[in-house]
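A.B. asks: Take this structure, written in structure tokens, and hold onto it; I'll ask about it next.
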Amino acid sequence: MKLAILLLSATCVLSTASAQAQSRYSYSTDGSEVTDSQTGLVWRRCAEGMAWSGSTCSGTTATYSHEQALARARTQAGWRLPSVKELGSIVDRSRSNPAIDVAAFPATSSSWFWSSSPYAGNANRAWFVYFGHGHVDPGAHRIDNFAVRLVR
């Protein structure tokens, strides 16, 4: 009996979280962008290297050093690399592998994504978000190659 109640409670929590996530995000007409109603930020639905196919992100996620990620963002008119706080705002800790709403951000790899935030304690490091479990960390060497998701 306790197990049945526990399972029912977990189902209700997940259903509520899913409904909240669905109402949090809206999509551009072509579906390639996601607007977050909680932050007002507009995100590219696909990580760099991937393309919106009309129903999902296809292709292979590109990886960049931190300097390359910043340079890539500068070449995308109107887009930029998000701060660590902004990137962390799309983490969904009720999920893992990846820890993100996969309806809003399909085919997101459970990997490291760069933020624009440098790490004040060491000029050779920058903040990143690991979307396997939603971990936010300043420990990445700027020469490491991580994925990128752009915002405006």
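Every read-out reported here was derived from the displayed coordinates using simple, explicitly stated rules and does not represent laboratory data. Fair warning: this is a prediction, and the values are worked out from it, not measured in the lab. Cβ atoms come from the backbone with ideal geometry, glycine included; neighbour counts cover every protein chain shown.
A.B. asks: Report the extension gain between S53 and N122 in nm, rounded to one decimal, defined as 0.36 nm multiplied by the number of residues separating them, less their alpha carbon distance.
C.D. replies: 20.9 nm
A.B. asks: Quick check for me: using +1 on Lys/Arg Cβ and -1 on Asp/Glu Cβ, what's the dipole size of the chain about its Cα centre, in debye to the nearest 20?
C.D. replies: Dipole about the Cα centre, nearest 20: 160 debye.
A.B. asks: Distance in nm between label sites at S110 and D137, each 7 Å beyond Cα in the beta-carbon direction?
C.D. replies: Spacing of the two 7 Å Cα→Cβ label points: 1.5 nm.
A.B. asks: Given a cut-off of under 8 Å on Cα pairs at least six residues apart, what relative contact order in percent is computed for the chain?
C.D. replies: 24
A.B. asks: Taking the chain as a Gaussian network, where each spring joins two C-alpha atoms under 10 Å apart, which residue of V91, V102, V34 fluctuates the most?
C.D. replies: It is V102.
A.B. asks: Using the beta-carbon distance between N145 and S37 and R0 = 30 Å, what value does 1/(1 + (r/R0)^6) give for FRET efficiency, to the nearest 0.05?
C.D. replies: Plugging the Cβ-Cβ distance into 1/(1 + (r/R0)^6) gives 0.40.
A.B. asks: Just in region 49-99: which trypsin sites (Lys or Arg not before Pro) are loop by DSSP and have at most 11 other Cβ atoms within 10 Å?
C.D. replies: R93
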